[in-house]
Amino acid sequence: MPEPAFGIYVAHGLFWSAFGLALVVLRLRRAGDAMDVTTPVVTSQQTAPYSRLLVALHMLAFAVMYTGVALAVFSGAVPDWFPGQRVAGGLVIGLGAGLMVWALVYFRSWRFRARLDEGHQLATGGPFGLVRHPIYLGLNLLALGTGLWVPTPLVWLGFVLMLLGSDFRGRAEEKLLAKSFGDLYGSYARRTRRFVPGLY
């Protein structure tokens, strides 16, 4: 019977499969839907400073996290912190996947980098009515769930780097959106928290 810790790879496979499927749905929606003319849009392309560097920070977080997972799982050295830790980790990862899918399907203007292309629309409803950065929150939940499932120092370092990457990328995007959408974005940002509803 496989070691239960190997289930982390199944959980991550499902997470990334859901992400990929949501991107396919997003692409199909972009091709088939007319632009919503009632939603403010960007009229020229703009990119946040250091956006490539910020993406690289997120990639570093993933590299550290996945290295930590592999070292622990393949050596059979996954610590047991509490009964049901793998179930708890799986639930948190599932929550992150659900949030990301919801955000990607809802938001037709998502881009990998902090860049606004011509026609980029401001999203303030759906998951964006809960937090300003639901996609980054989904990544943070993936890393948190992984830390619960495989609680080693290296995996938790990956989680901390994920939080930093998400926060820095979120702040860079907010500056870009504030510049592009002005008071409309300012009003939205005042009523919606960055990552944790009601707190932060």
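Computed from the coordinates by the stated procedures, all read-outs in this text should not be read as laboratory data. If you're wondering where the values come from, they're calculated on a predicted model, not measured in any experiment. Because the Cβ atoms are built from the backbone with ideal geometry, glycine has one as well, and the counts that use them run over all protein chains shown.
Please compute the Kirkwood hydrodynamic radius over region 44-83, one decimal place, Å, based on all pairs of different Cα atoms.
Numbers: mean 1/r = 0.0783 Å⁻¹.
Result for region 44-83, one decimal place: 12.8 Å.
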What are the semi-axes of the equivalent ellipsoid for region 51-176, taken as the square roots of 5 times the Cα gyration tensor eigenvalues, largest first, in whole Å?
29, 17, 10
Kindly write out, for region 12-17 in residue order, the coupling ³J(HN,Hα) from the Karplus curve 6.51 cos²θ - 1.76 cosθ + 1.60 (θ = phi - 60°), rounded to whole Hz, with x marking Gly and Pro.
5, x, 5, 4, 6, 5
Residue order, fewest to most beta carbons within 10 Å, for W102, W149, W16:
W16, W102, W149
